[in-house]
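The values are calculated or read from the model by the stated rules, or taken from the named source; none is laboratory data. Please read all numbers here as calculations on a predicted model, not as lab measurements. Using ideal geometry, Cβ is built from the backbone for each residue, glycine included, and neighbour counts are taken over all protein chains shown.
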Amino acid sequence: MSISPNAEQFREFAAAPDEGPVVMLNLLKFKPAATGDSEKSGEQEYRAYGDVAVAMIEERGGSVIWAGRVDQILIGDAAQHWDQVLLVQYPSRDAFLDMVSQPSYQEAHQHRESGLERTVVVACTPRLDRIAELGRS
């Protein structure tokens with residue numbers, strides 16, 4: 001399973017309307033041990049990536065808006081257990097694209113690859129205005 005977008009997914013993301021903030025829902029499953037380093041856990045290796053990534057996110061006006069450990073799967077396939085969930089907001093799709101194109105991000109990304117067994121990242125457009133409308137119906 002890939003932990004990076006394929007070329008088509010990346011093109012679709014880049015071509016989508018850039019109308020403001022985008023929130024990335026990250027589902028993370030860590031490897032028991034980092035690739036090539038039995039002394040580090042996958043989670044520790046992912047943190048090495050996260051330290052660099054969070055600084056780059058904040059430099060672009062974004063933030064980690066929520067992070068938590070997964071306790072249980074309430075609805076869905078329990079075999080698809082995840083270790084952690086992150087919500088990361090970027091001010092725009094362009095800000096995200098700028099970040100991932102930087103050499104320092106590419107260098108840090110090796111830690112992400114080394115630490116993750118699998119992941120799902122979902123790009124979401126905030127729609128709180130629509131949720132408020134539904135509540136008034």
Condition first: in contact with an Asp or Glu (Cβ under 9 Å, 6 or more places away or on another chain) and either crowded, with 17+ Cβ neighbours inside 10 Å or basic (Lys, Arg) (or both). Now tell me which residues in the stretch 28-51 satisfy that. LEU28, LYS29, PHE30, LYS31, ALA34, GLY42, GLU43, GLU45, TYR49
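Please find, among GLY135, GLY68, the residue that is loosely packed, with under 12 Cβ neighbours inside 10 Å, at pLDDT 95 or above and not hydrophobic (A, V, I, L, M, F, W, C).
Unique residue meeting the criteria: GLY68.
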In the stretch 1-32, anything within 18 Å of ARG69 (Cα to Cα) and either without any contact (Cβ under 8 Å) to a residue 60 or more places away in the chain or not aliphatic (A, V, I, L, M) (or both) is listed as ASN26, LYS29, PHE30, LYS31, PRO32
Across the stretch 25-67, the tally of residues that are more than 14 Å from ILE3 (Cβ to Cβ), assigned to a helix (DSSP H, G or I) and acidic (Asp, Glu) stands at 4
Of all residues in the stretch 68-91, which are of a type in the set (D, E, K, R) and assigned to a loop (DSSP other than H, G, I, E, B)? ASP71, ASP77, ASP83
Verdict on ARG60 being under 20 Å from PRO126 (Cβ atoms), among the charged types (D, E, K, R) and in contact with a strand residue (DSSP E or B) (Cβ under 8 Å, 6 or more places away or on another chain): yes
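SER92: in contact with an Asp or Glu (Cβ under 6 Å, 6 or more places away or on another chain), modelled with pLDDT under 95 and buried (at least 16 other Cβ atoms within 10 Å of the Cβ), yes or no?
No; evaluated as a whole, the condition is false for this residue.
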